[in-house]
Amino acid sequence: MFDTSLWVVLVAAGFVVLSAVAQSVTGFGFSIMVLPSLTILFGVREGILLTLLLSWVASGLIAWRTRGEADYGVLRALTAGGLLGLPAGVAVFHLADTTLLAGFMACVVLLAGLSMLFGLRVRFRPGARQTMVTGVLSGVLAGSVGLGGPPLAVFLAGTGLPMRAYRATVGHYFARVSLVLVLVQLVLVRGEAPLLPALVLVPAVLVGSQLGGWIFKRVPQTVFDRLVIILVCFSGAGAVLAAARS
């Protein structure tokens with residue numbers, strides 16, 4: 001049962017607005033920023049489901065605004081990998097201890113983000129095989145703990161993709177993969193889907209997305225690169241906190 005008291009809704013809406021701003025600026029980051037707070041407010045599984053629904057809305061807005069800007073070769077390989085990884089992720093979500101998985105994943109992401117922050121960035125060639133493997137890992141994490149963004153961030157940051165193509169590619173990827181994941185989860189959880197809280201919080205997604213779009217037009221490449229790294233670090237630290245509190 002979801003707590004829909006006024007203070008809970010207002011706190012959740014605040015985090016959703018900030019997360020939608022991050023998503024609109026970088027193409028990812030919504031789930032990374034909002035998931036820890038929603039799991040604390042609503043519980044692990046409930047928070048993951050709510051994050052999934054809202055993240056799809058945020059990604060869909062990015063995809064609509066960035067039509068024609070994505071690197072479609074990279075996008076196709078990522079999407080194919082993501083769809084392959086989703087079944088394993090969904091199985092983990094319904095059968096395994098997601099708290100342990102989230103804690104392990106958070107530590108890996110935090111270490112990767114810190115290494116990038118201090119200049120230890122790995123360079124990748126955006127070949128089909130490496131890109132698809134990244135998509136598979138993202139799909140597994142998206143389906144299980146709702147955090148499919150960090151593998152993409154680490155990989156695409158290492159390919160040197162320009163920020164407009166980066167943002168559009170990630171946004172289109174999540175719009176497609178999240179749609180499939182939303183439909184699968186709605187069928188599996190049936191009456192447990194957090195549709196009412198999601199509808200209540202959708203306006204906060206719209207506000208944050210609009211504000212983020214305004215900010216993006218004024219962000220230079222160097223600042224964009226730094227924002228991506230900070231979000232990766234934030235994702236690890238936030239997920240560690242969420243796992244510890246669960």
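The values are calculated or read from the model by the stated rules, or taken from the named source; none is laboratory data. All figures in this text were calculated on a predicted structure; none of them were measured in a lab. Here Cβ is always computed from backbone atoms with ideal geometry, including for glycine, and neighbour counts include all displayed protein chains.
Structural remarks
- Pairs, first on the phi > 0 side of the Ramachandran plot in segment 58-79, second hydrophobic (A, V, I, L, M, F, W, C) and not in a loop (DSSP other than H, G, I, E, B), C-beta under 6 Å, six or more apart: none
- Restricted to segment 130-246, the set of helices (runs of 4 or more DSSP H) holding at least 2 residues that are at pLDDT 85 or above comprises 163-189, 195-216.
- Being out of contact with any strand residue (DSSP E or B) (no Cβ under 8 Å at 6 or more places or on another chain) and modelled with pLDDT under 85 holds for only one residue in 34, 21, and it is 34.
- Candidate set: segment 1-49, residues that are aromatic (Phe, Trp, Tyr) and either in contact with a Pro (Cβ under 9 Å, 6 or more places away or on another chain) or not in a helix (DSSP H, G or I) (or both); chosen: the one farthest from residue 142 (Cα to Cα): 2
- Each residue in segment 66-94 was checked for being outside any helix (DSSP H, G or I) and among the hydrophobic types (A, V, I, L, M, F, W, C), and 1 of them qualify.
- Some residue of segment 28-38 being out of contact with any Phe, Trp or Tyr (no Cβ under 7 Å at 6 or more places or on another chain), touching a residue at least 60 places away in the same chain (Cβ under 8 Å) and β-branched (Val, Ile, Thr): no
- Here residue 19 fits the description: surrounded by 24 or more Cβ atoms within 10 Å (Cβ to Cβ) and either closer than 20 Å to residue 134 by Cβ or polar (S, T, N, Q) (or both).
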